[in-house]
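Structure first, then comments.
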Amino acid sequence: MSSNPPNTPPETFSDTTADQSSPPRRPRMSFRTRLLFFGVAWLIVLMPFLFWWSTWFGRQLSDAKLNEYLHDTSKPRHIQHALVQLSDRMSRHDPVAKKYYPDMAALATNPSVEIRNTDAWAMGQDTEVPEFHQTLLKMLQDPALMVRGNAALALVRFGDPSGRPQIVALLQSANVLAPAAGKVTDTAKAGTAVREGGLVAQIQSDGQSVEARSPLTGTVAAVGMPRGAQVGAGAQLAVIDPGETQVWEALRALYIVGTPEDLPAIARYEHEQPGLPDRIRQQAILTEHAIRQRAENR
């Protein structure tokens, strides 16, 4: 006979009812799965950092790495990195930099626009090297706008105003022209920020996609041809206004070597412009004042 009170279910039945009323237990993630998730999350954070670290020109190079990077013709960014490091050493009068001066002069004719551009800027860090002076004068005829501009700015450090027209050109907008006849399939919008060599438009020409790129870093001021338009070779696709750094350096250089005929190009920046800080306007006013004062003294 059962010892349970009347109308009381057996203990086994009571326990089962209690188990059914409790929430089901969630399966725990295995250690291996958690480790895998942690590894993926770490890679998501680590990969951008590694990419930035490998391309950051401020990363210090040992003497051995400097030599390796400067002569690494397979990777133009390595050469640029070495040139930036050399310019820093030159500013600190590091004697190690001097042995690479012939290499720097030779890079003035490198096929890469980016390398020639960085090279022109770097050679301006030591104004006591006649070979640099002569090389920079030749670079005033470079086919790339920014290379000519950087060579002209470097020459100002030598006390040489030969590149003044190229400096004035840095204050002016640049046209992006169609490299071939065809149909415009894509184009940047007005107001878009672009870097030197950045894609501005694409044209479908004879079954091939042809790219039109910006000659300078700045902002797309106007689009000449909309998407879908048929254009001929040399047609204006867009207008690029120069960026802040370019304008700033040009105005500072003209403060030293500018002439009255440069004033119309400078006057444009004496008024507030979207995207340009007030220091640009102030520098333009100071540059005009310096030019007029020099003219009066003469």
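The values are calculated or read from the model by the stated rules, or taken from the named source; none is laboratory data. Just so you know, these numbers come straight off a predicted model, no measurement behind them. Cβ sites come from the backbone with ideal geometry, for glycine too, and all protein chains shown count toward neighbours.
Quick notes on this structure:
- The lone criterion from (1) in a loop (DSSP other than H, G, I, E, B); (2) free of Cβ contacts under 8 Å to residues at least 24 places away in the same chain left unmet by Pro215 is number (2).
- Residue pairs meeting the criteria (Cβ under 8 Å; at least 6 apart or on separate chains; first under 11 Å from Leu66 (Cα atoms), in segment 78-92; second of a type in the set (D, E, K, R) and in a helix (DSSP H, G or I)): His78/Glu68; Gln80/Glu114; Leu83/Asp119
- Meets criteria (buried (at least 21 other Cβ atoms within 10 Å of the Cβ), over 13 Å from Ala250 (Cβ atoms) and among the hydroxyl-bearing types (Ser, Thr, Tyr)) for Thr127: no
- Residues within segment 89-114 that are within 19 Å of the chain's Cα centre (by Cα) and either among the charged types (D, E, K, R) or modelled with pLDDT under 90 (or both), tallied: 1
- Residue in segment 152-160 that is at pLDDT 95 or above, crowded, with 16+ Cβ neighbours inside 10 Å and of a type in the set (Gly, Ala, Ser) present: yes
- Only listed residue being touching a residue at least 40 places away in the same chain (Cβ under 8 Å) and under 30 Å from Gln85 (Cβ atoms), chosen from Gly182, Gly163, Gly149: Gly149
- All positions within segment 176-213 that are surrounded by fewer than 15 Cβ atoms within 10 Å (Cβ to Cβ) and within 15 Å of Ala144 (Cβ to Cβ): Arg195, Arg213
- Restricting segment 216-237 to residues that are touching an Asp or Glu at 6+ places or on another chain (Cβ under 7 Å) and surrounded by 18 or more Cβ atoms within 10 Å (Cβ to Cβ), the residue that is farthest from Ala250 (Cα to Cα) is Thr219.
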